[in-house]
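Readers should treat all values here as calculations from the given coordinates under stated rules, not as data from a laboratory. Predicted, not measured: the structure shown is a model, and the values here were computed from it. Cβ: placed from backbone, ideal geometry, glycine included. Neighbour counts: every protein chain shown.
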Amino acid sequence: MDGINRAGGIGGYKLELVIEDHKSGDADAGVSGARKMLDVDKVPVILTSYSAPTLAIQPLAVEKKVLLLNGGGVGSALIGKAGLYNTRMLSSQTAPFVIQWAVDRLKAKRVATLFWNDAAGQGVNAAIRETCAKAGCQVVAQEPHDIGAKSYTTQLARIKAARPDVVALGSFGDDVGYILNQARAYGVTAPIVGIEWTPNADKIGGKAMAGYVIAVDRFDPEGSDAKTKAFVEAYRAAHKDAPEFYAANYYEHVQFILQPLIKRVVDRKGDPSKPGEILAEMERALKEGFAFQSVYGGDMKLLGDGTAVKPLGVFEVRDGKLTLVGRIVGGKIQG
């Protein structure tokens with residue numbers, strides 16, 4: 001955003017960042033922040049994350065004709081919501097592949113789940129149950145937990161007693177690190193798979209993170225695409241580290257979705273600062289089959305139901321980093 005403003009903005013319009021905190025997924029906090037942005041700041045676009053607050057603010061955004069872009073939440077309930085476009089692959093798109101990996105590569109027949117007790121986690125759990133039913137594996141334990149919990153002793157005791165071949169997580173953020181750490185300390189030796197990894201969770205989990213496998217948007221900071229290289233170089237210069245897929249997703253929101261939409265509004269003599277203009281332009285762009293660029297390589301395909309089609313991969317944690325161990329092509333894991 002700073003780069004766009006330094007270059008003069010978009011058709012003379014500068015971008016302004018307004019930040020409100022949903023406190024790591026609290027729906028009520030999300031609604032409070034959204035009301036301030038919608039009623040006081042009069043924003044035409046909200047970049048959102050986490051499933052619960054995104055679902056909570058979506059009706060408010062519809063009322064104000066404000067475009068919602070989600071690059072972090074993964075709940076299946078996010079599909080088909082008016083005005084909401086998800087640029088992260090959702091749980092119904094990613095969770096089946098960790099089960100496919102567990103069944104095909106690990107020969108798993110008994111699966112236990114541990115997941116956030118919210119829309120996102122429940123969506124992952126549902127996708128795992130559905131995939132297991134098709135793949136012939138049995139879900140032997142299903143354990144929800146509170147977001148941000150620090151102790152998982154009760155859930156892990158029941159999971160250990162169920163003797164699973166694999167434990168599948170529907171948890172996010174730092175919780176993943178705490179779960180891995182405590183699972184290994186408690187004597188849960190089964191491989192653990194999921195759909196989430198962050199550098200901070202890896203620090204929390206430490207050595208227990210080794211071998212953890214996820215299926216997730218396949219952003220490769222070493223990719224050869226020119227857009228990928230430009231983004232990674234700028235990110236490294238600013239943050240002294242390589243970006244992960246969250247950073248990539250929200251960069252795309254501004255650089256490759258909002259920037260062309262605002263330009264289209266300006267070109268037709270509209271006012272992009274007015275709520276409703278950018279949302280209407282998004283709808284027009286999709287009807288025209290407009291191709292949005294992507295730092296994942298090539299273009300990003302946004303669909304009418306609010307989902308996106310992006311590269312997917314299976315990654316394993318090795319030496320504190322994600323290592324690509326399989327590419328997902330045509331619904332199958334390759335490599």
Quiz prompt | Farthest positive-ward along region 91-218 dipole, Cα basis, beta-carbon charges - from L114, A135, A149 | solution = A135
Quiz item: Taking only DSSP H segments of four or more residues, each worth -39500 (n - 2.57), what value at 222 nm results for the chain once the sum is divided by all its residues, to the nearest 500 deg cm²/dmol?
Solution: -12000 deg cm²/dmol
Quiz item: Relative to the longest principal Cα axis of the chain, at what angle does helix 119-135 sit, 0 to 90 degrees, rounded to 10?
Solution: 50
Practice problem: Quick one: of K81/K269; K36/K269; K42/K65; K65/K310; K109/K134; K107/K321, which pairs are farther than 18 Å apart, Cα to Cα? | Solution: K81/K269; K36/K269; K65/K310; K107/K321
Self-check item: Computed label-point distance, nm, for sites T154 and I79 using a 7 Å Cα→Cβ extension
Solution: 3.2
Exercise. Rounded to the nearest Å, what's the spacing between the alpha carbon centres of region 286-328 and region 261-280? Just the number, please.
Key: 27
Exercise. Report, ordered by chain and residue number, the aspartates and glutamates lying within cross-link reach of K150, taken as a straight Cα distance under 14 Å and ignoring same-chain residues fewer than 8 apart.
Key: D174, D175
Exercise. With only Lys, Arg, Asp and Glu charged, each at its Cβ (+1 for the first two, -1 for the last two), find how big the charge dipole of the chain is about the Cα centre; round to the nearest 20 debye.
Key: 660
Practice problem: Mind giving me the nanometre distance, one decimal, between the label points for K301 and Q334, set 7 Å out from Cα along Cα→Cβ? | Solution: 1.5
Exercise. Using the Cα centre as the reference, give the magnitude of the dipole from point charges on the C-beta atoms of region 91-218 (Lys, Arg: +1; Asp, Glu: -1; all else neutral), rounded to the nearest 20 debye.
Key: 560
Self-check item: Of all DSSP beta bridges in the chain, antiparallel share, percent nearest 5
Solution: 45
Quiz prompt | Mean separation of Cα contacts under 8 Å (6+ apart) over length of the chain, as relative contact order % | solution = 17
Quiz item: Roughly what would the spin-label model give for K269 and D104, points 7 Å off Cα along C-beta, in nm?
Solution: 5.5
Quiz item: Is the chain rounded, prolate or oblate when judged by the Cα gyration tensor, a ≥ b ≥ c being the square roots of its eigenvalues, rounded requiring a/c under 1.5 and prolate requiring a/b larger than b/c?
Solution: prolate
Exercise. Work out the FRET efficiency for V62 and L324 from their Cβ-Cβ distance, taking R0 = 45 Å, and round it to the nearest 0.05.
Key: 0.75
Self-check item: Förster-model FRET efficiency, 51 Å R0, Q138 and S24, C-beta, rounded to 0.05
Solution: 0.95
Self-check item: Rounded to 10°, Cα long-axis angle of helix 27-36 versus longest principal axis of the chain
Solution: 10
Quiz item: Ranked by Cβ crowding within 10 angstrom, fewest neighbours first, how are L69, L106, L180 ordered?
Solution: L106, L69, L180
Quiz item: With the Cα gyration tensor of region 91-218 giving a ≥ b ≥ c as the square roots of its eigenvalues, does the rule (a/c under 1.5 for rounded; else a/b larger than b/c for prolate; else oblate) give rounded, prolate or oblate?
Solution: rounded
Quiz item: Where does the charge balance sit around E233 when Lys and Arg score +1, Asp and Glu -1, over other residues with C-beta under 14 Å from its C-beta?
Solution: +1
Self-check item: Simple Cβ-charge dipole of region 275-322, Lys/Arg +1 and Asp/Glu -1, about Cα centre, in debye nearest 20
Solution: 200
Quiz prompt | Extended-chain gain in nm, criterion 0.36 nm per residue less alpha-carbon gap, A242 and L15 | solution = 79.2 nm
